[in-house]
Structures are given as C-alpha cells and as structure tokens.
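First up is the structure itself, then whatever we jot down about it.
The values are calculated or read from the model by the stated rules, or taken from the named source; none is laboratory data. Quantities reported herein were computed from a predicted structural model and do not represent experimental measurements. Cβ: placed from backbone, ideal geometry, glycine included. Neighbour counts: every protein chain shown.
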Amino acid sequence: MDAEATVRAYYEALRAGEPLYPFFAREESTVKFGIGERLTGYEAIRAGLEAQTETTADWTVDSGRLVVETAGDHAWFSDDVFMAWTDVERDRRYAFDTRWSGTLQRRADDADATPWRFVGMHVSTEGETA
C-alpha cells in the first residue's frame, strides 16, 4: 500500500468505525491535531481515537482535493474534506468543511497493516456547516 492508499484507507476506516490508531507511528513525537484537540504521542493518540470511535457514529468523509507527494521514505498530503458524524452521547449531528494536511513515514520494520504511518496530522475548519 502506498502513501496515497494509506490516506484513503484511513478515510474508509473512519467511515466504517474501525480503529484509527494503527495508522499512526508508535512514537512520542507523533502528533495529531483535530478540530477540537491536540494529541501528542502515540498513547495519547490511541486513547483519543478510541474514545472518538466509541462516542461517534454515522461518519461521512468526502475527499475533495487529495494531493499526496512522496520522497524516499517520507510523504506529505493535503486535502479538503467534508466530514459529518453523530455524537452518540449528545445525540447531535456535526458537519464541517475541513482542511487536512500531514506527514507520513514508511516503516520497513512495521509488520502491521501498512508500511506507511502518520507522524503528523492536522485537521482544521473554518466553521460548522450544519
């Protein structure tokens, strides 16, 4: 699986409610910025994404302009993504036009899922759309 396929697989896992933390590098320097959080280090990312998966449902993730570039064992991406989900604890639907960017690193020694792992991800928005 190449870097672009990894990003697309992440989107699909998000839609399907599957675990997302396996897509991230198991390093303390790995960082994920979301709409409302900053998670630093693999364990914080894992805990945050597990909580997200447990408390949300019915994800829509529509990629609008995915661009992925690769140089050696590093890749970077950007995308415009419409995303929506239901917060099952609050029984509220959220929808956002978002901007995604990030960096991936190929890990030859990692036998799980994909050799490409996110080492940094940033998701931001201009505001809620619905």
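Brief remarks follow.
- Residue ID - farthest from Arg65 (Cα to Cα), chosen from residues in the range 11-28 that are aliphatic (A, V, I, L, M) and in a loop (DSSP other than H, G, I, E, B): Ala25
- Subset of the range 1-59 that is surrounded by fewer than 17 Cβ atoms within 10 Å (Cβ to Cβ) and of a type in the set (Val, Ile, Thr) - its residue that is nearest to the chain's Cα centre (by Cα): Ile35
- When restricted to residues that are in contact (Cβ under 8 Å) with a residue 12 or more places away in the chain and closer than 20 Å to Ala84 by Cα, the range 19-74 contains 24.
Every residue, every condition in (1) in a loop (DSSP other than H, G, I, E, B); (2) of a type outside the set (Asp, Glu); (3) at pLDDT 95 or above, yes or no:
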site: Ile35; (1), (2), (3): yes, yes, no
site: Arg46; (1), (2), (3): no, yes, yes
site: Glu69; (1), (2), (3): no, no, yes
site: Trp76; (1), (2), (3): no, yes, yes
site: Trp100; (1), (2), (3): no, yes, yes
site: Asp112; (1), (2), (3): yes, no, no
site: Val119; (1), (2), (3): no, yes, yes
site: Glu126; (1), (2), (3): no, no, no
